[in-house]
Amino acid sequence: GPGAAGGGVCERHGEALKLFCQEDQKPVCLVCHLSWDHRAHRVVPIEEAARGCKEAPQEHLAGLRKDREEAKANEEKRSEELLKQTEAERQKILSECKELRGFLEEKEQFLLSRLEALDGDIAQRRDESVSKLSQEFLSEKHRPERSAAGVQRKSAL
C-alpha cells in the first residue's frame with residue numbers, strides 16, 4: 001500500500017509517512033518535509049527513527065538518571081546553603097539577644113543603685129526631720145516649764 005514503509009498516510013497530502021521529523025517528534029511525508037513547516041527541521045527515514053527509538057529509551061533513561069542525580073546534588077547543595085544561612089541568622093539573633101540582656105542588666109543595676117541612693121536620701125531626710133522635731137519638742141517642753149515657773153514667780157510677788 002501507499003504507507004507500507006511507514007505504516008501510515010499523511011492526512012494533509014495523502015502521501016506515505018516515510019520520514020520522521022526529529023524537532024516535532026512525529027512522522028511526516030516527503031511533501032511535508034519540503035514544505036515551510038518542516039524544511040529547516042532535521043528528518044530521518046522512519047525506519048531509522050524506529051531503530052533509534054528501540055535504543056533511545058536506555059540512553060534516555062541514562063540521561064534522566066544523570067539529570068536526577070544532578071538535581072538531587074543541586075537540591076542538597078541549596079539545602080546546605082539554606083541551613084548555613086539559618087545557622088548564621090540563629091547565631092546573629094543569639095548574639096544580639098545576649099548583647100541586649102547585658103545592656104538590660106546594666107540598666108537594671110544602674111536604676112536599682114539610683115533607687116538605693118534615693119532610699120538613702122529619703123531615710124537621711126527622715127532621720128534629720130525626726131531629730132529636728134525631737135529637738136524642737138524637747139526645747140518647747142522645757143520652755144513652757146520655765147515660763148510657767150516664771151508666771152508662778154510673778155504671781156507670788
Run down the lysines and flag those whose C-alpha is under 19 Å from the C-alpha of K98, throwing out any fewer than 8 positions away in its chain.
-> K107
Find the accessible area per residue for region 74-128; the probe is 1.4 Å, ligands and nucleic acids are left out, and the unit is Å².
-> 97
Among the lysines, which have Cα under 19 Å from the Cα of K141 when same-chain residues fewer than 8 positions away are ignored?
-> K132
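The values are calculated or read from the model by the stated rules, or taken from the named source; none is laboratory data. Please read these numbers as outputs of a predicted model, since none were measured by experiment. Accessible surface areas use protein heavy atoms only, side chains included; no ligands, DNA or RNA. Shrake-Rupley method; radii C 1.70, N 1.55, O 1.52, S 1.80 Å.
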